[in-house]
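The values are calculated or read from the model by the stated rules, or taken from the named source; none is laboratory data. Keep in mind that this is a model prediction, so the values were computed, not measured. Using ideal geometry, Cβ is built from the backbone for each residue, glycine included, and neighbour counts are taken over all protein chains shown.
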């Protein structure tokens, strides 16, 4: 599996875990923590184009 | 206990070998509190897990890299380890190998790599369970409790052997032999085999198996298939065409005497 996909999941894990903790009243959604979530989402987002490239490489249609 | 006012943790992992003696330096009365070692290189994730676990009355020890995790394991004697697979210095798999050599403590792996799951749950590493990232921290804490409950249940049976075909299960010695050759199983695999062997020829539903493994059915449903696959890999000549542990389609599994 690609290292990038792995990285995307790690960033999402940070975002998901924190937001759930806010929902469940486990952690307070301080500006710092919200910043952590936003940064994690931005990092995941930044990796998406590279993921797309990897995906497409395997499915290049034959040249006409 | 006020959960909302917990400040940010200092995750001391990288700088000082990855563990702190006690969160907040408090030595409390909780002599019997279960201690969980949480290992991840992402402080924001550790903070969340610590929040949930401490909210449930667990004591939390933190580590952020491979060496820190091993040091914390030795120093703190945790009751359970939550272990991320990718860590700085050396990976979670190596941590697992080293702590398994020290003491048999339940380990739940956290991983973003689905391609590693078989290896992690399998004999090579023998983690008790895994959780794929991203995960629900609430669900993870439920698994922690389940795995602890399972591991703390004392083994009831002593002095008995079961034999099914060439498979001999010795519950006293915690040994399994296939055609006379010793086979090493993880605690979960052993228990699964023992349950199946106790009911030779009888189909056990997934529900029954999960129940007997004293696990949470919702949570462990997919994990059961992994454990069955890993068990087959250990005891079957051809795991793809099992002779002992057979699938009863749509129902569950049963152990049979091979013909």
Practice task
Determine whether segment B:156-166 contains at least one residue that is buried (at least 19 other Cβ atoms within 10 Å of the Cβ) and modelled with pLDDT under 90.
Solution key: yes
Fill in the blank from the handout: Checked A:4, A:57, A:39 against criteria (more than 8 Å from chain B (Cβ to nearest Cβ), modelled with pLDDT under 95 and either surrounded by 11 or more Cβ atoms within 10 Å (Cβ to Cβ) or in contact with a helix residue (DSSP H, G or I) (Cβ under 6 Å, 6 or more places away or on another chain) (or both)); the one match is A:4
Problem - Residue check, residue B:50 modelled with pLDDT of 95 or more, under 30 Å from residue A:25 (Cα atoms), more than 14 Å from chain A (Cβ to nearest Cβ) and touching a strand residue (DSSP E or B) at 6+ places or on another chain (Cβ under 8 Å) - result: no
Exercise for the section: Take residue B:192 and decide whether it is closer than 25 Å to residue B:141 by Cα, outside the structural domain of residue B:118 (by TED's automatic domain parsing) and modelled with pLDDT of 85 or more. Expected result: yes
Exercise for the section: Kindly indicate whether residue B:178 is touching a helix residue (DSSP H, G or I) at 6+ places or on another chain (Cβ under 8 Å) and at pLDDT 85 or above. Expected result: yes
Fill in the blank from the handout: Subset of segment B:117-142, residues in a helix (DSSP H, G or I), within 14 Å of chain A (Cβ to nearest Cβ) and either closer than 19 Å to residue B:35 by Cα or touching a strand residue (DSSP E or B) at 6+ places or on another chain (Cβ under 8 Å) (or both), comes to B:117, B:120, B:137, B:138, B:139, B:140, B:141, B:142
Practice task
Of all residues in segment A:7-29, count the ones that are at the interface with another protein chain (Cβ under 8 Å from one of its Cβ atoms), surrounded by fewer than 22 Cβ atoms within 10 Å (Cβ to Cβ) and assigned to a loop (DSSP other than H, G, I, E, B).
Solution key: 3
Problem - residue B:87, sole failed condition from (1) more than 14 Å from chain A (Cβ to nearest Cβ); (2) in contact with a helix residue (DSSP H, G or I) (Cβ under 6 Å, 6 or more places away or on another chain); (3) not in a helix (DSSP H, G or I) - result: (1)
